[in-house]
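S.K.: Structure provided below as structure tokens; questions to follow.
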Amino acid sequence: LSLFLTSSSSFVSVCVRASTRNVCALQRCSASSFALSEEKVMLQNMCRDFANSVLAPNAAEWDKEHKFPEDAVRQMGELGLLCVDGPVEFGGSGLDTLSYVIAMEEISRGCASSGVIMSVCNSLYSGPILKYGNDQQKEKYIAPFTSGEKIGCFALSEPGNGSDAAAASTTAYQNGDNWVLNGTKSWITNGRESRASVVFATTDKSLKHKGITAFIVDKPTEGLSLGKNEDKLGIRASSTCNLVFDECSVPAENILGDLGMGFKIAMTTLDSGRIGIASQALGIARAAFEVAVEYSQTRKSMNIPIVRHQLIAGKIADMATRLEAARLLTYNAAMVKDSGKNFTKEAAMAKLAASEAATYISHQSIQILGGMGFVSEMPAERHYRDARITEIYEGTSEIQRLVIAGRVLKELPSQ
């Protein structure tokens, strides 16, 4: 019980006042020493101000009540954050991937749930349609989805396929000018609120992964029902549910790319998605780091701030180093993508490093806070819960290591 004696309201007030004094200094230290353009600094400041004023003050309540932040998402759309690197002609902001990374970190620092909603809209929904869709599909499924009035989702995972994306048991058969989908997609972020989904289904089992096709499916539509909202450990303000297809008819014109291109579309989309999740993990890690630093400067032990004890100072140093290293890997992945080169390895490295940094930093944040880290009066426990998923979705840490090793072996000269 003595661990929790510091959880008095007066002590929390002291921490809040200290947070207000130190937040500007912390934010100056939070960004890499990377030279950002004036445009990117302006974007960073805009997103930071929005996160500080709208997201962070409400994140705990949204998390507690499992409340989808509808108004905040609409405001994110108004700020141009739901299609950051999409072309202006289709409602996008016309920026690059590095701008997206910078924006995602700031938004996720304020609210990790808002961060994953933003990531799905940008990387997983708009991304494949912009890359593989025709102009008619972009007009219908991108332009109306950038304002925040409508959002999209991405349906690849299934109850039984786990990390094996090629094992799609959802099927589609042709019926005249339509394709009819049957099967269940699981763990779908934005599944309940979305108005359209990129869905992957097997159209020819004999071709295995080359027999998977991507479809754009309107929501709601006949033959598509939703499962219950999952009760998750973290990112609880974002909705996650199953999409259940039962003789769901989709027009042939809604095939994304060509017949049988689904697996390729899924893999290239996940590469981009990993940059988004790396950015989300950076935001979570930074939020946890800031809490720990602020607390360690305020909390006293043996008449000195605990940060002056070497063990605590060592933790702060390790946390800062992992955060900075993860950010630089994520920036690098974004720049390689923007250069037009293959970025599979770089995206996997960024996602692996940032997600594991988020888990480590949020864990150490709780250690530094002690009993205060274990109660919901402080946000450290929420950051810890939110961080854990970043090592799982868009490919587990184990899958990232396989991807990295595979690319490295390809790049090395044969002996």
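The values are calculated or read from the model by the stated rules, or taken from the named source; none is laboratory data. Quick caveat: nothing in here was measured; it's all calculated off a predicted structure. Counting neighbours? That spans all protein chains shown, and the Cβs are built from the backbone with ideal geometry, glycine included. The accessibility values were calculated without ligands, DNA or RNA, using every heavy atom of the protein model including side chains. Shrake-Rupley method; radii C 1.70, N 1.55, O 1.52, S 1.80 Å.
S.K.: For the list (1) closer than 25 Å to Glu381 by Cα; (2) touching a residue at least 60 places away in the same chain (Cβ under 8 Å); (3) touching a Cys at 6+ places or on another chain (Cβ under 6 Å), I need the number of the one condition that Ala51 fails.
M.R.: It is condition (3) that Ala51 fails.
S.K.: Now for a different question. With Leu329, Leu409 as the choices, which residue is touching an Asp or Glu at 6+ places or on another chain (Cβ under 9 Å) and either of a type in the set (D, E, K, R) or over 13 Å from Ala288 (Cβ atoms) (or both)?
M.R.: Leu329
S.K.: Look through region 108-148, keep the residues that are of a type in the set (Lys, Arg) and surrounded by fewer than 19 Cβ atoms within 10 Å (Cβ to Cβ), and return whichever of them is farthest from Gly234 (Cα to Cα). I'd like the intermediate steps shown before the answer.
M.R.: If we filter region 108-148 for residues that are of a type in the set (Lys, Arg), which is where we start, we get 109, 131, 138, 140.
Retained after the next criterion (residues that are surrounded by fewer than 19 Cβ atoms within 10 Å (Cβ to Cβ)): 131, 140.
Details: Lys131: 31, Lys140: 33 Å.
This residue is Lys140.
S.K.: At pLDDT below 95 and either touching a Ser or Thr at 6+ places or on another chain (Cβ under 8 Å) or open to solvent by 30 Å² or more (accessible area, probe 1.4 Å) (or both), is that true of Cys83?
M.R.: In short, no.
Okay, residues lined up against (1) under 23 Å from Glu377 (Cα atoms); (2) of a type in the set (Phe, Trp, Tyr); (3) assigned to a helix (DSSP H, G or I):
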residue: Leu43; (1), (2), (3): no, no, yes
residue: Cys47; (1), (2), (3): no, no, yes
residue: Ala56; (1), (2), (3): yes, no, yes
residue: Lys64; (1), (2), (3): yes, no, yes
residue: Lys67; (1), (2), (3): yes, no, no
residue: Gln75; (1), (2), (3): no, no, yes
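S.K.: Continuing with this model, one more query. Let me confirm something: among Leu311, Leu282, Leu243, which residue is open to solvent by less than 30 Å² (accessible area, probe 1.4 Å), at negative phi and part of a helix (DSSP H, G or I)? Give the derivation first.
M.R.: Details: Leu311 fails: open to solvent by less than 30 Å² (accessible area, probe 1.4 Å); Leu243 fails: part of a helix (DSSP H, G or I).
Result of the check over Leu311, Leu282, Leu243: Leu282.
Residues checked against (1) within 14 Å of Ile216 (Cβ to Cβ); (2) small (Gly, Ala, Ser):
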| residue | (1), (2) |
| --- | --- |
| Arg236 | no, no |
| Ala252 | yes, yes |
| Leu256 | yes, no |
| Phe263 | no, no |
| Ile277 | no, no |
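S.K.: Another one. Residue by residue through region 244-272, note down the ones that are aliphatic (A, V, I, L, M) and over 19 Å from Ser119 (Cα atoms). Can you show your working first?
M.R.: Applying the first criterion (aliphatic (A, V, I, L, M)) to region 244-272 yields 244, 250, 252, 255-256, 259, 261, 265-267, 270.
Answer for region 244-272, where residues must be aliphatic (A, V, I, L, M) and over 19 Å from Ser119 (Cα atoms): Val244, Val250, Ala252, Ile255, Leu256, Leu259, Met261.
S.K.: Pick from region 393-415 the residues that are over 24 Å from the mean Cα position of the chain (by Cα) and not in a helix (DSSP H, G or I): which of them is nearest to Leu270 (Cα to Cα)?
M.R.: That would be Leu412.
S.K.: Ser249 is checked against (1) surrounded by fewer than 23 Cβ atoms within 10 Å (Cβ to Cβ); (2) under 22 Å from the mean Cα position of the chain (by Cα) and fails just one. What number does that condition carry?
M.R.: Going through the list (1) surrounded by fewer than 23 Cβ atoms within 10 Å (Cβ to Cβ); (2) under 22 Å from the mean Cα position of the chain (by Cα), Ser249 breaks only (2).
S.K.: Report, by residue number, each residue of region 76-98 that is over 18 Å from the mean Cα position of the chain (by Cα) and touching a residue at least 60 places away in the same chain (Cβ under 8 Å).
M.R.: Residue satisfying the conditions is Glu78 alone.
S.K.: Now a separate question. Would you confirm whether or not region 207-228 contains a residue that is touching a His at 6+ places or on another chain (Cβ under 7 Å), of a type outside the set (Ser, Thr, Tyr) and open to solvent by 10 Å² or more (accessible area, probe 1.4 Å)?
M.R.: No, every residue in region 207-228 fails to be touching a His at 6+ places or on another chain (Cβ under 7 Å), of a type outside the set (Ser, Thr, Tyr) and open to solvent by 10 Å² or more (accessible area, probe 1.4 Å).
S.K.: What are the residues in region 362-392 that are small (Gly, Ala, Ser) and either part of a helix (DSSP H, G or I) or open to solvent by less than 10 Å² (accessible area, probe 1.4 Å) (or both), if any?
M.R.: Hits for region 362-392 are Ser362, Ser365, Gly370, Gly371, Gly373, Ala380, Ala387.
S.K.: Further question: Among the residues of region 285-308, what is the count of those that are in contact (Cβ under 8 Å) with a residue 24 or more places away in the chain and either in a helix (DSSP H, G or I) or surrounded by 24 or more Cβ atoms within 10 Å (Cβ to Cβ) (or both)?
M.R.: 15
S.K.: Could you tell me which residue of region 28-75 is modelled with the lowest pLDDT, considering only residues that are polar (S, T, N, Q) and either closer than 16 Å to Leu282 by Cβ or touching a Ser or Thr at 6+ places or on another chain (Cβ under 7 Å) (or both)? First the steps, then the outcome.
M.R.: Filtering region 28-75 down to residues polar (S, T, N, Q) leaves 30, 32-33, 37, 44-45, 52-53, 58, 75.
Now restrict to residues that are either closer than 16 Å to Leu282 by Cβ or touching a Ser or Thr at 6+ places or on another chain (Cβ under 7 Å) (or both): 30, 32-33, 44.
Numbers: Ser30: 50, Ser32: 56, Ser33: 53, Gln44: 97.
By that ranking, first place goes to Ser30.
S.K.: Now for a separate question. Quick check on Phe343: is it over 30 Å from Lys232 (Cα atoms), buried (at least 24 other Cβ atoms within 10 Å of the Cβ), at pLDDT 95 or above and in contact with a helix residue (DSSP H, G or I) (Cβ under 9 Å, 6 or more places away or on another chain)?
M.R.: Against the criterion (over 30 Å from Lys232 (Cα atoms), buried (at least 24 other Cβ atoms within 10 Å of the Cβ), at pLDDT 95 or above and in contact with a helix residue (DSSP H, G or I) (Cβ under 9 Å, 6 or more places away or on another chain)), Phe343 qualifies.
S.K.: Could you identify the single residue in Glu377, Glu394, Glu356 that is under 20 Å from Ile102 (Cα atoms), charged (D, E, K, R) and in contact with a helix residue (DSSP H, G or I) (Cβ under 6 Å, 6 or more places away or on another chain)?
M.R.: Details: Glu377 fails: under 20 Å from Ile102 (Cα atoms); Glu356 fails: in contact with a helix residue (DSSP H, G or I) (Cβ under 6 Å, 6 or more places away or on another chain).
The match here is Glu394.
S.K.: Continuing with this model, one more query. Answer yes if at least one residue in region 264-280 is over 17 Å from the mean Cα position of the chain (by Cα) and of a type outside the set (Lys, Arg), and no otherwise.
M.R.: Yes, that holds for at least one residue.
S.K.: Among the residues of region 163-183, count how many are of a type in the set (A, V, I, L, M) and crowded, with 20+ Cβ neighbours inside 10 Å.
M.R.: 4
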